[in-house]
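The structure appears below as structure tokens.
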Amino acid sequence: APEVHSAARVGDEARLLSRTAPTWVCADRWAGASAACASATPPSVLLMDDGLQHPTLHRDLSLLVVDAEHLLGNGRVLPAGPLREPFHRSLARADAVVALSPPADAASRSLGAPPWTHIPATR
């Protein structure tokens, strides 16, 4: 919970996410998922940040999320670019690509337009 864990300890993203849903932080993704599932209130769905890079995790659905405005940036992997791994590797394991876009103008937001686009991946 934000009032318990500092951003220095768990990161600001985890603190923000914990405001809307139970959030687990663990360097070992498999151990974190196991602990969440073994908790007193196990989740029916686990959303993993950077879960595509962890082959030991069971997946029912793999989503590849990209920034619709910047797409793949310069196309390079960290530290030279924004990608965690080469795009073709991620795409090969993804069931769908979700392109997130920045909030549109106030009129679009008031109409309830989602800030994402679903693009089915082909294998």
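The values are calculated or read from the model by the stated rules, or taken from the named source; none is laboratory data. Since this is a predicted model, take the numbers as computed values, not measurements. Here Cβ is always computed from backbone atoms with ideal geometry, including for glycine, and neighbour counts include all displayed protein chains. Just so you know, the surface numbers come from the protein's heavy atoms only, side chains and all, with ligands and any DNA or RNA stripped out. Shrake-Rupley method; radii C 1.70, N 1.55, O 1.52, S 1.80 Å.
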- VAL98 paired with LEU57, simple spin-label distance in nm, labels 7 Å along Cα-to-beta-carbon: 1.2
- Message: If you roll a 1.4 angstrom probe over the protein chains with everything in place, what fraction of the accessible area of segment 14-62 belongs to carbon and sulfur, to the nearest %?
- Response: 60
- Item | Cα centroid separation - segment 6-26 against segment 64-80, whole Å | 23
- Item | Nearest-10 value in Å² for the accessible area of GLU13, using the 1.4 Å probe | 100
- Where in segment 1-44 does the label zone of LEU78 land, with the point 7 angstrom along Cα→C-beta and an amide N cut-off under 19 Å? 7-17, 24-33
- Taking only protein heavy atoms and a 1.4 Å probe, what accessible area per residue, in Å², does segment 27-97 have with all protein chains in place? 69
